[in-house]
Amino acid sequence: MSTRLKICGLRRRQDVQYLNEFPPDYAGFILSEGFGRSIVMGTFYELRSYLDKGIQTVGVFVNEPIAEIVRCAYNEELDVIQLHGEEDEGYIRALREIFHGEIWKAVRVRTAEDIAAADRLPVDKLVLDSFSAASHGGTGTLAPWDIIVQNRPQKPFFLAGGISPENAAQAIEAVQPFGVDASSSLETDKWKDREKIRAMVETVRRM
């Protein structure tokens, strides 16, 4: 099975046009306010209307009230909900009662137990990211590949944290993830870059 690709942090119509031209498997939109690359729901609905229907949409949320997530996903605009905060088993089970798409949990990996604890959660997939005390993601810092390789979860997982066109092939070969997740590495001056997206898609598709 080929490695899947998620490109996250889309904010502009140009970003969507780049993905339509060089389609990944998943497009990520950060829908919690106050974080880098966040967008409001009106912008999301507009961008979603331009996105090729073959690309699945991922809504990224950080410690949001469940009611707010449901409001965002009420008309099936989201294929996947990615939880990127401290959401626990009870929260996830409550969300599953309402949302019938996939639920992913992002993990800022420092130790083997970080991975094991997330693997016990009732989610479909994990996103294994680098740890930062200052941010919930999007730092561009590499995740600890060695810890992940030595403590692989049972669930399918995306490898995030500094995955770029330059190191994606190495990351896939070394870690063997279900998919890779890229955001800041595909930007120039903090905005998505067409050529970097093209290079990323072409690199992953060769694997």
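Modelled with pLDDT of 95 or more, aromatic (Phe, Trp, Tyr) and surrounded by fewer than 17 Cβ atoms within 10 Å (Cβ to Cβ): does that describe Trp191?
Numbers: modelled with pLDDT of 95 or more: yes; aromatic (Phe, Trp, Tyr): yes; surrounded by fewer than 17 Cβ atoms within 10 Å (Cβ to Cβ): yes.
Judged against the criteria, Trp191 is a match.
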Open item on the list: Restricting to region 104-123, give me the number of residues that are surrounded by fewer than 16 Cβ atoms within 10 Å (Cβ to Cβ), more than 14 Å from Ile92 (Cβ to Cβ) and not hydroxyl-bearing (Ser, Thr, Tyr).
Closed with: 4
TODO: List the number of the failed condition for Ala171; all other conditions in (1) surrounded by 18 or more Cβ atoms within 10 Å (Cβ to Cβ); (2) part of a loop (DSSP other than H, G, I, E, B) hold.
DONE: (2)
Task: Glu68 among the charged types (D, E, K, R) and touching a residue at least 60 places away in the same chain (Cβ under 8 Å) - done: no
- [ ] Within region 191-206, work out how many residues are in contact with a helix residue (DSSP H, G or I) (Cβ under 8 Å, 6 or more places away or on another chain), basic (Lys, Arg) and farther than 12 Å from Tyr18 by Cα.
- [x] 1
Open item on the list: Just checking, does region 16-39 include any residue being at pLDDT below 95 and more than 30 Å from Ala171 (Cβ to Cβ)?
Closed with: yes
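Can you find even one residue in region 138-145 that is over 16 Å from the mean Cα position of the chain (by Cα), under 23 Å from Asp15 (Cβ atoms) and aromatic (Phe, Trp, Tyr)? Outline the logic, then answer.
Of all residues in region 138-145, those over 16 Å from the mean Cα position of the chain (by Cα) come to 144-145.
Those still in the list that are under 23 Å from Asp15 (Cβ atoms) too: none.
No, region 138-145 contains no residue that is over 16 Å from the mean Cα position of the chain (by Cα), under 23 Å from Asp15 (Cβ atoms) and aromatic (Phe, Trp, Tyr).
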- [ ] Within region 129-139, work out how many residues are at pLDDT below 85 and either touching a helix residue (DSSP H, G or I) at 6+ places or on another chain (Cβ under 7 Å) or buried (at least 18 other Cβ atoms within 10 Å of the Cβ) (or both).
- [x] 4
Open item on the list: Among (1) acidic (Asp, Glu); (2) surrounded by 16 or more Cβ atoms within 10 Å (Cβ to Cβ); (3) modelled with pLDDT of 95 or more, there is one condition Asp88 misses while meeting the rest; what is its number?
Closed with: (2)
Task: Qualifying position, being surrounded by 15 or more Cβ atoms within 10 Å (Cβ to Cβ), under 24 Å from Arg37 (Cβ atoms), touching a residue at least 60 places away in the same chain (Cβ under 8 Å) and among the aliphatic types (A, V, I, L, M), among Leu186, Leu142, Leu126 - done: Leu186
Task: Filter result (among the charged types (D, E, K, R), free of Cβ contacts under 8 Å to residues at least 40 places away in the same chain and not in a loop (DSSP other than H, G, I, E, B)) within region 189-207 - done: Glu195, Lys196
Task: Among (1) in contact (Cβ under 8 Å) with a residue 60 or more places away in the chain; (2) over 15 Å from the mean Cα position of the chain (by Cα); (3) surrounded by 14 or more Cβ atoms within 10 Å (Cβ to Cβ), the one test that Asp25 misses - done: (2)
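Tell me whether region 54-70 contains one or more residues that are farther than 20 Å from Phe157 by Cα, crowded, with 17+ Cβ neighbours inside 10 Å and touching a strand residue (DSSP E or B) at 6+ places or on another chain (Cβ under 6 Å).
Of the residues in region 54-70, the ones farther than 20 Å from Phe157 by Cα are 54, 63-70.
Next cut, crowded, with 17+ Cβ neighbours inside 10 Å only: 64, 69.
Next, only the ones that are touching a strand residue (DSSP E or B) at 6+ places or on another chain (Cβ under 6 Å) stay: 69.
So far as region 54-70 goes, yes, one or more of its residues are farther than 20 Å from Phe157 by Cα, crowded, with 17+ Cβ neighbours inside 10 Å and touching a strand residue (DSSP E or B) at 6+ places or on another chain (Cβ under 6 Å).
The values are calculated or read from the model by the stated rules, or taken from the named source; none is laboratory data. All of these numbers come straight from a predicted model, not from anything done at the bench. Using ideal geometry, Cβ is built from the backbone for each residue, glycine included, and neighbour counts are taken over all protein chains shown.
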